[in-house]
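Everything on this sheet refers to the single structure shown next.
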Amino acid sequence: MNFLTPWQALLAGLGLALSLAPAAFAQDFPTKPVRIIVPQPPGGGFDSVGRQMADKLGPLLGQAVVVENRPGAGTLVGTEAAAKAPADGYTLLVGALSNLALNPGLYAKLPYDPLRDFTPIGLVVSYSYTLVARKDLPQNTLKELIDFARANPGRVTYASGGNGSGQHIAPAVMAHLAGVKMEHVPYKGAQAAYQDVIAGRVDVFFDVTPTARPQVDAGTVKALAVSSRERQPVHPGVPSVMETGIAALDMETWFGLFAPAATPPAVLSRLRAELAKVTAMPDVAERFTKSGGRALRLSLAETEALVRRDVERWTKVIREAGIKGD
């Protein structure tokens with residue numbers, strides 16, 4: 001019979017303790033509040049998703065889940081902060097098409113790698129963009145707008161919630177595909193952009209449908225088109241860009257929660273299990289549908305494949321169009 005020396009026994013015990021530590025940590029997780037970084041100001045699509053998830057996850061996790069708005073440089077400041085946060089499950093990110101799939105094509109030196117630095121907890125919803133115009137814009141259809149832009153290069157102005165945002169890329173790609181030049185006017189978030197669109201100081205704004213819809217319904221702006229391949233149920237009378245024949249634009253933005261890539265697997269499992277419960281709640285799906293969204297319930301493999309596909313696709317499209325985030 002072989003007996004361990006005291007030193008070997010000590011090493012074996014230490015190895016066992018270390019192997020059990022992650023499981024014990026995950027079993028206790030969370031023992032303090034969890035924060036969700038929203039890389040945009042309050043009031044936009046990022047913020048809406050972040051707050052809905054925080055409200056629902058808190059009771060399931062047994063701890064407060066707080067939203068921290070970290071705007072700046074489009075979505076770079078908040079996303080970089082999340083990438084560099086401790087990988088312990090206590091800092092999550094609202095990840096979306098714009099900060100994870102569009103930014104790699106926009107910036108030559110991105111301070112994070114969306115595929116290496118983050119791992120998905122899960123995607124929860126997908127939204128189209130709605131192109132809205134100031135009420136007194138003489139053009140009432142997308143074709144009329146593009147015809148005017150073609151005859152008057154640089155005269156049509158479009159707002160966005162910041163350089164590199166989906167609100168920037170959607171009209172920039174559309175203009176590139178249509179062969180026209182429009183002038184980009186970036187703002188610090190959707191609310192600031194709407195102030196100038198409503199006041200007539202900027203012509204159009206390609207905003208995510210859930211925040212565009214209340215403005216359209218209130219009559220403060222008029223809708224010209226949606227970015228998805230098909231029409232949106234909340235805007236049945238509004239054609240898609242593709243339907244008008246102006247450009248082959250097919251663009252929807254997804255939103256979800258992401259964690260730093262080195263987060264312990266057991267903690268990720270807990271977070272993914274609780275988020276799956278949230279996305280299965282009927283009131284959550286109903287809220288997304290009513291606001292013009294499409295609730296997403298994807299497997300981890302499907303989520304990873306979708307994110308990777310969109311990073312590759314939009315990096316290529318943006319670089320070919322020569323669009324810069326700087």
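The values are calculated or read from the model by the stated rules, or taken from the named source; none is laboratory data. Predicted, not measured: the structure shown is a model, and the values here were computed from it. Quick reminder, even Gly has a Cβ in these numbers, built from the backbone with ideal geometry, and neighbours come from all protein chains shown. Surface areas here come from the heavy atoms of the whole protein model, side chains and all, with no ligands, DNA or RNA. Shrake-Rupley method; radii C 1.70, N 1.55, O 1.52, S 1.80 Å.
Cα gyration tensor of the range 33-142, axes a ≥ b ≥ c as square roots of the eigenvalues: rounded (a/c below 1.5), prolate (a/b > b/c) or oblate?
In terms of gyration-tensor shape, oblate.
Can you give the net charge of the other residues whose Cβ lies under 15 Å from the Cβ of Val185, counting K and R as +1 and D and E as -1?
Cβ neighbours under 15 Å give a net charge of +1.
In sequence order, what are the phi-derived ³J(HN,Hα) couplings for the range 106-120 according to the Karplus relation 6.51 cos²θ - 1.76 cosθ + 1.60 with θ = phi - 60°, rounded to whole Hz, with x for glycine and proline?
Karplus-based 3J(HN,Hα) across the range 106-120 equals 8, 10, 5, 10, 7, x, 7, 10, x, 8, 8, 8, 10, 10, x Hz.
Using a simple spin-label model with points 7 Å from Cα along the Cα→Cβ vector, what separation in nm is obtained for Ala248 and Gln195?
The answer from the label model is 4.1 nm.
Convex hull over the alpha-carbon atoms of the chain: what's its volume per residue in Å³?
Taking only Cα atoms, the chain has a hull volume of 144 Å³ per residue.
Within the range 56-212, what percent of beta bridges assigned by DSSP are antiparallel, to the nearest 5?
Percentage antiparallel, nearest 5: 45.
Using per-residue counts of other Cβ atoms within 10 Å, averaged over each peptide, order 244-256, 59-71 from highest down.
Taking the mean over residues of other Cβ atoms within 10 Å, the ranking is 244-256, 59-71.
Whole number in Å², please: accessible area per residue of the range 218-326, 1.4 Å probe, ligands, DNA and RNA not counted.
48
For the range 300-308, in order, what is each residue's ³J(HN,Hα) by Karplus, 6.51 cos²θ - 1.76 cosθ + 1.60 with θ = phi - 60°, in whole Hz (x at glycine and Pro)?
Taking θ as phi minus 60°, the curve returns 4, 4, 5, 5, 4, 5, 5, 4, 4 Hz for the range 300-308.
Using 0.36 nm per residue, how much length does the chain from Glu230 to Arg294 gain when fully extended, once their Cα-Cα distance is taken away?
21.8 nm
Which order do peptides 144-150, 130-136, 29-35 fall in by mean Cβ count within 10 Å, highest first?
130-136, 144-150, 29-35
For a quick protection proxy, order the peptides 188-195, 37-44 by their average other-Cβ count within 10 Å, most packed first.
Answer by packing, highest mean first, reads 37-44, 188-195.
Run lengths n ≥ 4 of DSSP H only: what is the helix-derived mean residue ellipticity at 222 nm for the chain, with -39500 (n - 2.57) per run over all residues, to the nearest 500?
-13500 deg cm²/dmol
Mind computing the radius of gyration and Dmax over the alpha-carbon atoms of the range 245-302? Å is fine for both.
Over the range 245-302's Cα set, Rg and Dmax evaluate to 15.0, 49 Å.
Considering only the other residues whose Cβ falls under 13 Å of the Cβ of Thr303, what net charge follows from Lys and Arg at +1 and Asp and Glu at -1?
Local charge sum for Thr303: +1.
Please compute the length gained on full extension between Arg319 and Asn152, using 0.36 nm multiplied by the number of residues separating them and subtracting their Cα-Cα distance.
57.6 nm
With a ≥ b ≥ c the root eigenvalues of the C-alpha gyration tensor of the range 158-262, is it rounded (a/c under 1.5), prolate (a/b larger than b/c) or oblate?
Rounded is the answer for the range 158-262, as its axis ratio a/c remains below 1.5.
Counting DSSP beta bridges in the chain, what percent are antiparallel, to the nearest 5?
DSSP beta bridges in the chain are roughly 65 percent antiparallel.
Which of Lys135/Lys316; Lys84/Lys290; Lys143/Lys222; Lys135/Lys188 have a Cα-Cα distance over 24 Å?
Listed pairs above 24 Å: Lys135/Lys316; Lys84/Lys290.
Can you list the HN-Hα couplings for the range 85-95, worked out from phi with the Karplus curve (6.51, -1.76, 1.60; θ = phi - 60°), rounded to whole Hz and with x for Gly and Pro?
3J(HN,Hα) across the range 85-95, in whole Hz: 6, x, 8, 10, x, 8, 10, 10, 10, 7, x.
Take Thr141 and Met281, extend 7 Å from each Cα along the Cα→Cβ direction, and tell me the distance between the two endpoints in nm.
That separation, rounded to one decimal, is 4.4 nm.
Full-extension gain between Asp55 and Glu304, please, as 0.36 nm times their residue separation minus the C-alpha to C-alpha distance.
Gain in length upon complete extension: 87.1 nm.
How many percent of the accessible area of the range 70-131 is carbon or sulfur, using a 1.4 Å probe?
Ligands and nucleic acids excluded, carbon and sulfur give 52 percent.
Percent of accessible area on the range 208-326 owned by carbon and sulfur, 1.4 Å probe?
54
Mind putting a number on the dipole of the chain about its Cα centre? Charges go on the C-beta only, +1 for Lys and Arg and -1 for Asp and Glu, and I need it in Debye to the nearest 20.
The calculated dipole for the chain is roughly 120 debye.
Classify the range 172-232 from the C-alpha gyration tensor, please: rounded if a/c falls under 1.5, else prolate or oblate depending on whether a/b exceeds b/c.
Verdict is oblate for the range 172-232.
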